[in-house]
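Here is the structure we will look at, set down as C-alpha cells.
The values are calculated or read from the model by the stated rules, or taken from the named source; none is laboratory data. Quantities reported herein were computed from a predicted structural model and do not represent experimental measurements. When we count neighbours, we look across all protein chains shown, and the Cβ atoms used for this are built from the backbone with ideal geometry, even at glycine. Each accessible area value is taken on the protein alone, full model and side chains, heavy atoms only, with ligands, DNA and RNA left out. Shrake-Rupley method; radii C 1.70, N 1.55, O 1.52, S 1.80 Å.
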Amino acid sequence: MKPYTAIAQEALQRRNASIAERKKTDRRVEQSLHFTAVDCATYPNECSNAEVKSYPTLIAYKDGVALGK
C-alpha cells in the first residue's frame, strides 16, 4: 500500500494537469477578483468619498475607477 503522502502527491499532480489542460482550451480571459471590507466607523472619510449610504455596500472598481454600486 502507498503511503498517504504519495497518494496525495499523485492526486495533486492529476488536478494540476487537469487545470493546465482546461486553461489551454478555455477561451475566456483569466482575471482576478479581489474583495475588501472597510469599517466606516473607523474610516468615515473613505466611506463618504465612496458615497456609502447604507450597509452593506458593494462597489466594483476597475483600474481604480468605480464602475457602479
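Quick one: count up the residues across segment 52-69 that are loosely packed, with under 11 Cβ neighbours inside 10 Å and touching a residue at least 12 places away in the same chain (Cβ under 8 Å).
Going residue by residue through segment 52-69, those that are loosely packed, with under 11 Cβ neighbours inside 10 Å are 53-56, 58, 60, 62-65, 67-68.
Add one more test, that the residue is touching a residue at least 12 places away in the same chain (Cβ under 8 Å), and what stays is 55.
Looking only at that region, the number is 1.
Condition first: of a type outside the set (A, V, I, L, M, F, W, C), at pLDDT below 85 and open to solvent by 100 Å² or more (accessible area, probe 1.4 Å). Can you find one or more residues in segment 35-49 that meet it?
The answer is yes, given that some residue of segment 35-49 is of a type outside the set (A, V, I, L, M, F, W, C), at pLDDT below 85 and open to solvent by 100 Å² or more (accessible area, probe 1.4 Å).
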